[in-house]
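The values are calculated or read from the model by the stated rules, or taken from the named source; none is laboratory data. None of the values given here were measured: they were computed from a predicted structure. Neighbour counts are summed over all protein chains in view; Cβ atoms, including those assigned to glycine, are modelled from backbone coordinates with ideal geometry.
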Amino acid sequence: MPKDKDLQTVKLSELITFVTGKKNSNAAIVNGEYPFFTCSPTTLAIDTFSFDQRAILLAGNNASGIFSIKKYQGKFDAYQRTYIIDVIDSNKTNFNYMFYAIQLQLKHLQQISVGSATRFITKPIIDNLSIFLPPLLEQESIALTLSCLDDKIELNAQMNKTLEEMAQAIFKSWFVDFDPFKDGEFEDSELGKIPKGWKVGKLSDIADIVMGQSPEGTSYNEEGNGEIFYQGRGEFNWRFPTQRLFTTEPKRMAEIGDILMSVRAPVGDINVSMDRCCIGRGLSKIRSKNNHQSFVLYLMKNLKQQFTIYNGEGTVFGSINKDTLNDLKIVLPIISSVNKFEHIVSAYDEKILRNTIETEQLKNLRDYLLPKLMSGEIRVPLEKK
């Protein structure tokens, strides 16, 4: 095991080489063949590539000063303010270790970035950033430990994406395209032809809808005092919102599993509550009246396109009210089909929830280990060769 004296503090300018991308951010396309890295946390797509290499992709600017970092190997393109980083000497610096070393510095970069309306990371800032650099073998062990956690996190994300795509495909096949019912009789309705025995109803026929109500602003805090609070879609993620704010004076509460829908522009964004929480005036909560929560969830996701008309209404921004939501016209399938869908897809949704809980635990472990491993506070045992 190396001793503490083996830890060096080294400036990045001695360890890495980097350039920036050349593309404008509007070069992204929907179904591009190659990844397009911008300063957004989301990786976009593009139909050309300028780089074919391994790289650490560091956002060079951000309005909030929260800079994202990714790593990739292969063909890609990049926005003109995205830094494309590699190590100078692989015999001295492990690539994956460098990724985690820079990741650990993101909060510090936020503090030392420059600019007012938009925050920037400049070349001198990167050059002068210092990291701990243990011997190469220990770098490799540290990177392997952290990579194992990240690989499982990524696997869970891919599993969740696949499960949701399967659920969406079943919903579309059964309740939009009517594939299993095409050999039966159809009849006309105000929403078009539907299988015989089905009918047109309102969203309120199958779901209870409650609009959010915001607490007093003086009750908000980020210290965990009171109830979890979501004002609007600002904390929405792929499926479950991120906890950030709390309130000591909650008004309207949502329960675990409630569908949270944005009722202010952009109207129609959907998340699901993982915890009991307070919801503000930017959200509504939706719950099935008949224990068909998965069916209602994918119904609301499928209705998203219908909500775009509300995003242009209002004097300041678009919105939708409770009466409009309650009266929303929907197709009501026969109950046996809904029961069958619920039986299949609720198992997918439960697996997505379990994967997400595990992912949060893995992220907490990674974030606990990262500063301790990268500072030498915790040393990784090295295998003897």
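Restricting attention to the stretch 249-276 and to residues that are more than 19 Å from the chain's Cα centre (by Cα) and not in a loop (DSSP other than H, G, I, E, B), the residue that is surrounded by the most Cβ atoms within 10 Å (Cβ to Cβ) turns out to be A254.
If you go through the stretch 61-97 and keep only what is outside any strand (DSSP E or B), under 25 Å from R366 (Cα atoms) and not small (G, A, S), you end up with I66, F67, K92, T93, N94, F95, N96, Y97. When the stretch 301-318 is filtered for residues that are in a loop (DSSP other than H, G, I, E, B), at pLDDT below 80 and not aromatic (F, W, Y), the ones remaining, listed by number, are E313, G314, T315, V316, G318. Taking the conditions (1) closer than 19 Å to Y100 by Cα; (2) modelled with pLDDT of 95 or more; (3) surrounded by fewer than 19 Cβ atoms within 10 Å (Cβ to Cβ) in turn, I66 satisfies each one other than (2).
When residues in the stretch 215-248 are screened for being assigned to a strand (DSSP E or B) and free of Cβ contacts under 8 Å to residues at least 24 places away in the same chain, 0 of them pass. The strands (runs of 3 or more DSSP E) located wholly in the stretch 18-60 that include 1 or more residues which are closer than 19 Å to I85 by Cα, in contact with a strand residue (DSSP E or B) (Cβ under 7 Å, 6 or more places away or on another chain) and among the basic types (K, R) occupy 51-59.
For the stretch 168-178, state whether one or more residues are within 27 Å of I352 (Cα to Cα) and under 22 Å from the mean Cα position of the chain (by Cα). Yes: the stretch 168-178 contains one or more residues that are within 27 Å of I352 (Cα to Cα) and under 22 Å from the mean Cα position of the chain (by Cα). Per the listing I330, I286, the residue uniquely modelled with pLDDT of 95 or more, within 16 Å of P241 (Cβ to Cβ) and not in a helix (DSSP H, G or I) is I286. When V296, V200 are checked against the criterion of being at negative phi, surrounded by fewer than 19 Cβ atoms within 10 Å (Cβ to Cβ) and not in a loop (DSSP other than H, G, I, E, B), V200 stands alone in meeting it.
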